[in-house]
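Just below is one structure, and these are the notes that go with it.
The values are calculated or read from the model by the stated rules, or taken from the named source; none is laboratory data. Values in this document were obtained by computation on a predicted structure and should not be read as measured data. Heads up, the Cβs are rebuilt from the backbone with ideal geometry, glycines too, and the neighbour counts pull from every protein chain shown.
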Amino acid sequence: MTDIRRALRLYLVTDPGLCLETGLMETVRTAVAGGVTMVQLRDKTGTRADRIAAAKTLKDVLQGTGVPLLVNDDVEAAIQADADGAHIGQDDLTPTEARALLGADKLLGLSCETAGTVQAADPTIVDYLGLGPVFATATKHDHKTPLGFDGLSKLTSLSTLPSVAIGGLGPDHTDKVLESGADGLAVVSAICGQPDPEAAARAFFQKRTQP
């Protein structure tokens, strides 16, 4: 069984465009070597077939690492690739619908940007929450008003579910995110597109100043 809170510690959300130079698979492989604890395949422009193929290859890359692989938005692709689960937003399938498709043994994450959506998340259906954006981010143009750390703390206080913060985060934010009550950081550009994804991932642990 996956230790969700531990798996959320450093959560890599992939971006095909940012990963072009290094390649998606090599980015993920080296980032995991640097300490990434969960990977989400996010590809908004590819086809379902593209996502299934990429997820299957990523499963091979992650084999033996203990790092879970989730697919963003496309629950059917997650099922077809036999990924470890899926992550959905507020405008996708409902959590109830997603859980019914995934089954009880897969992970299900849910993005929440407001107090109301956090409070509505059912711990018997959803495994963890993605909270944000903490800061504005260029990798998601339609995000809500940034929460800041005070807003993040408020959202984490409203649910017993494990949670991961996302939105413009880098290594220097690690302490503040963990102090807010979130279990970890979800990052895109802080690792994807960096010259050395392994070193970029490791920096999140080197910047941690408290035990």
_Return the residues of the range 13-46 that are small (Gly, Ala, Ser) and exposed (fewer than 15 other Cβ atoms within 10 Å of the Cβ); say none if nothing qualifies._
Gly17, Gly23, Ala33
*Restricting attention to the range 72-95, which residues are more than 24 Å from Pro133 (Cα to Cα) and surrounded by fewer than 20 Cβ atoms within 10 Å (Cβ to Cβ)?*
Glu76, Ile79, Gln80, Asp82
_Here are the criteria: (1) in contact (Cβ under 8 Å) with a residue 60 or more places away in the chain; (2) of a type in the set (A, V, I, L, M, F, W, C); (3) more than 19 Å from His173 (Cβ to Cβ). Tell me which single one Ile52 does not satisfy._
(1)
*Give the residues of the range 16-58 that are within 21 Å of Ser163 (Cα to Cα) and either assigned to a loop (DSSP other than H, G, I, E, B) or at pLDDT below 95 (or both), sorted by residue number.*
Gly35, Val36, Thr37, Arg42
_Of all residues being of a type outside the set (Gly, Ala, Ser) and within 15 Å of Pro133 (Cα to Cα) in the range 106-123, which is surrounded by the most Cβ atoms within 10 Å (Cβ to Cβ)? Just the residue, please._
Leu110
_Subset of the range 176-194 that is modelled with pLDDT of 95 or more and not hydrophobic (A, V, I, L, M, F, W, C) - its residue that is surrounded by the fewest Cβ atoms within 10 Å (Cβ to Cβ)_ = Glu179
*Scan the range 17-33 and report the pairs whose first residue is in contact (Cβ under 8 Å) with a residue 12 or more places away in the chain and farther than 12 Å from Leu58 by Cα and whose second residue is among the aliphatic types (A, V, I, L, M) and surrounded by 20 or more Cβ atoms within 10 Å (Cβ to Cβ), with Cβ atoms within less than 6 Å and a gap of 6+ or a chain change.*
Ala31/Leu12; Ala31/Ile191; Ala31/Ala201
*Which residues, counting only those in the range 159-170, are over 20 Å from Val188 (Cβ atoms) and either surrounded by fewer than 19 Cβ atoms within 10 Å (Cβ to Cβ) or of a type in the set (Val, Ile, Thr) (or both)?*
Thr160
*Please go through the range 88-136 and pick out each residue that is part of a loop (DSSP other than H, G, I, E, B), under 20 Å from Ala78 (Cβ atoms) and among the aliphatic types (A, V, I, L, M).*
Leu93, Ala104, Ala121, Ile125, Val126
*Give the number of residues within the range 95-123 that are among the small types (Gly, Ala, Ser) and under 20 Å from Pro68 (Cβ atoms).*
6
*Could you pull out the residue among Gly132, Gly103 that is on the phi > 0 side of the Ramachandran plot, modelled with pLDDT of 95 or more, surrounded by 19 or more Cβ atoms within 10 Å (Cβ to Cβ) and not acidic (Asp, Glu)?*
Gly132
*Which one is nearest to Cys192 (Cα to Cα), of the residues in the range 89-148 that are within 15 Å of the chain's Cα centre (by Cα) and among the β-branched types (Val, Ile, Thr)?*
Thr139
